[in-house]
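Structure first, then comments.
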Amino acid sequence: MKLELGCGTAPTPGYVHHDRWRHAPHVEVEHDLNVLPWPWPDGSCAEILGLDVFEHLRLMPEEWLRECHRLLRPGGVLRLRVPLFGSPWHVIDPTHVRGFHPLNFAYFVRGQEYHKRYGHFYFDFAFSGGEAHIEEHNVVARLIK
């Protein structure tokens, strides 16, 4: 399954579409992502897409990244976009709980310096590969289970 979390009003074709509530016919799964566990089985996703959704969660990044890791099958990919910390996209929207930096995700990827130094000690899961970079006022990441 290819799962799009928080699809909003512009669902990406080819995905199962989730949102917090069924506000439109294209929303196939209704669930508040702040409530764990999420309603999909372990290893059920080949890909998870989260564009402009994770910054709204009250969960710590460790919690929602662990849940994405649980849902992904081996080799599965998490693709996400979140606002860069301190950018206009981060601070203007009053529903944003936090902003991000690309290095936030390095704590969760085996082989990256922040995982080697800290992440392996703090977290009981890790992605096998991935990268994160800045695009305009956002952090865009691709993490591989």
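Values in this text are rule-based calculations from the coordinates and carry no lab data. Just so it is clear, the structure is predicted and the values come from calculations on it, not from any experiment. Cβ atoms come from the backbone with ideal geometry, glycine included; neighbour counts cover every protein chain shown.
Where does the charge balance sit around residue 38 when Lys and Arg score +1, Asp and Glu -1, over other residues with C-beta under 11 Å from its C-beta? Mind dumping the intermediate values first?
On the way: positive: 66, 70; negative: 32, 42, 63, 67.
Local net charge: -2.
When DSSP assigns beta bridges and you keep just the ones with both residues in the chain, what percent turn out antiparallel, to the nearest 5? Write down the numbers at each step before the final one.
Values: 14 of 30 bridges.
Taking every DSSP beta bridge with both residues in the chain, the antiparallel ones total about 45 percent.
Quote the charge dipole size of the range 2-144 about the Cα centre in Debye, to the nearest 20; the model charges only the Cβ of Lys and Arg (+1) and of Asp and Glu (-1). Show your work: numbers first, answer last.
Numbers: 14 positive and 18 negative charges, 70 e Å.
Roughly 340 debye, rounded to the nearest 20.
Give the longest segment of the chain that steers clear of chymotrypsin sites (Phe, Trp or Tyr not before Pro) in DSSP loops with at most 16 neighbouring Cβ atoms within 10 Å, not counting the sites themselves.
Counting only loop sites that pass the neighbour cut-off, the longest clear stretch is 22-84.
Just checking my list (i) -0.85, -1.21; (ii) -0.84, -1.05; (iii) -0.94, -1.19 against log10 I(q)/I(0) by the Debye sum over Cα atoms at q = 0.16, 0.19 Å⁻¹ computed from this structure; which label fits?
It is the value labelled (i).
Counting other beta carbons within 10 Å of each residue's own, what order do 139, 29, 97, 82 fall into, fewest first?
Arranged by neighbour count, lowest to highest, 139, 29, 97, 82 become 97, 29, 139, 82.
Report the local net charge at residue 97: Lys and Arg +1, Asp and Glu -1, summed over other residues whose C-beta lies under 9 Å from its C-beta.
+1
Taking 7 Å along the Cα-to-C-beta vector as the label spot, tell me the residue 59-residue 122 distance in nanometres, rounded to one decimal.
1.7
Counting alpha carbon pairs within less than 8 Å and at least 6 residues apart, what relative contact order, in whole percent, applies to the range 2-144? Spell out each step's value before the answer.
On the way: 280 pairs, mean separation 26.9, N = 143.
Averaging sequence separation for qualifying contacts and normalising by length gives 19 percent for the range 2-144.
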